[in-house]
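The values are calculated or read from the model by the stated rules, or taken from the named source; none is laboratory data. Computed from a prediction, not measured in an experiment: that's the story for all the values here. Glycine gets a Cβ as well: all are built from the backbone with ideal geometry, and neighbour counts include every protein chain shown. The area values use the complete protein model at the heavy-atom level, side chains included, leaving out ligands, DNA and RNA. Shrake-Rupley method; radii C 1.70, N 1.55, O 1.52, S 1.80 Å.
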Amino acid sequence: MRPRDLKHIWLGFDALTFFNHVMDVFFKLLIFFVVLVLGTGLIKLFLEVWQIMAVKELKEAFGFTVTNLLTFFVILELFKSLVEYFREHRLKLTFIVDATLVFILREVMIGLYQHQSPPLQIAALALLALVLGGVRTLASIYSPMEKKMVEQIERSVAAIGAAPRKSPVA
């Protein structure tokens, strides 16, 4: 190749498009891996619960199931926020808060069920869940996407209202 051809190729190369294609391939592989891990984890959970139910009391099996199922929900919420990041190319505060809320509620529920958490710790976690619930509500109300949708609806309504109306024929 001549230097002129290389210069033409280099000037025509779009690094951002290349990066987006490479990230798309990585993301598809990551999604496959995440689904594989989640499926394996769920199958393992079922097998472990079955083994515990066969050997121990129902109360112990129930405690084990509640703890591990809630942990599974936390991991599911984290993966959901990861998928949303790659779909929208931005982190949504609501998904991060949702994952945090699920984790906090998991800790509260396990602490209450196993009677191992002191009341002050449960009260602190409940207060944190309340604050995060408020943050989540405010993030939903004042979301940039919500504002764009409201503005678009208002423009559509204004355009319909500005159109000439036909008078009813008597």
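Sort 35, 135, 66, 55 by heavy-atom solvent-accessible area, probe 1.4 angstrom, most to least.
55, 35, 135, 66
Rounded to two decimals, what is the ratio between the C-alpha radius of gyration of the chain and 2.2 N^0.38 Å?
Against the empirical 2.2 N^0.38 Å value, I get 1.68 for the chain.
Springs between alpha-carbon pairs under 10 angstrom, Gaussian network model over the chain: which of 60, 151, 84 fluctuates most?
151
Looking at the chain, do any whole DSSP H helices span at least 20 angstrom along their long axis by alpha carbon and average 0.5 or above on Kyte-Doolittle, and which?
TM-like helix candidates: 15-55, 58-88, 93-114, 119-141.
Once the piece of chain linking residue 5 and residue 19 is laid out straight, how much longer is it, given 0.36 nm per residue of separation minus the C-alpha distance between them? Walk me through the intermediate numbers first.
Working: separation 14, 0.36 × 14 = 5.04 nm, distance 2.28 nm.
So the chain would gain 2.8 nm between residue 5 and residue 19.
What 222 nm value per residue comes from the helices of the chain, counting each DSSP H run with n ≥ 4 as -39,500 (n - 2.57) and dividing by all residues, nearest 500 deg cm²/dmol? Please list the in-between numbers first.
Numbers: 6 runs with 146 residues, N = 170.
Taking each H run of at least 4 residues, the total per residue is -30500 deg cm²/dmol.
On the protein heavy atoms, probe 1.4 angstrom, tell me the percent of accessible surface of the stretch 1-63 carried by carbon and sulfur.
Details: 4260 of 5770 Å².
The nonpolar share, carbon plus sulfur, comes to 74 percent.
Rolling a 1.4 Å sphere over the protein heavy atoms, what is the accessible area per residue of the chain, to the nearest Å²?
Normalised by residue count, the accessible surface of the chain is 80 Å².
Based on the Cβ-Cβ distance from residue 109 to residue 137, what FRET efficiency comes out when R0 is 25 Å, to the nearest 0.05?
The pair residue 109/residue 137 has a calculated efficiency of 0.70.
Using a Cα distance threshold of under 19 Å, what count of lysine pairs results for the chain when pairs must be 8 or more residues apart or interchain?
5
Carbon and sulfur atoms: what percent of the 1.4 Å accessible area of the stretch 68-122 do they account for? Each step should come with its number before you reach the end.
Working: 2410 of 3510 Å².
Here it works out to 69 percent.
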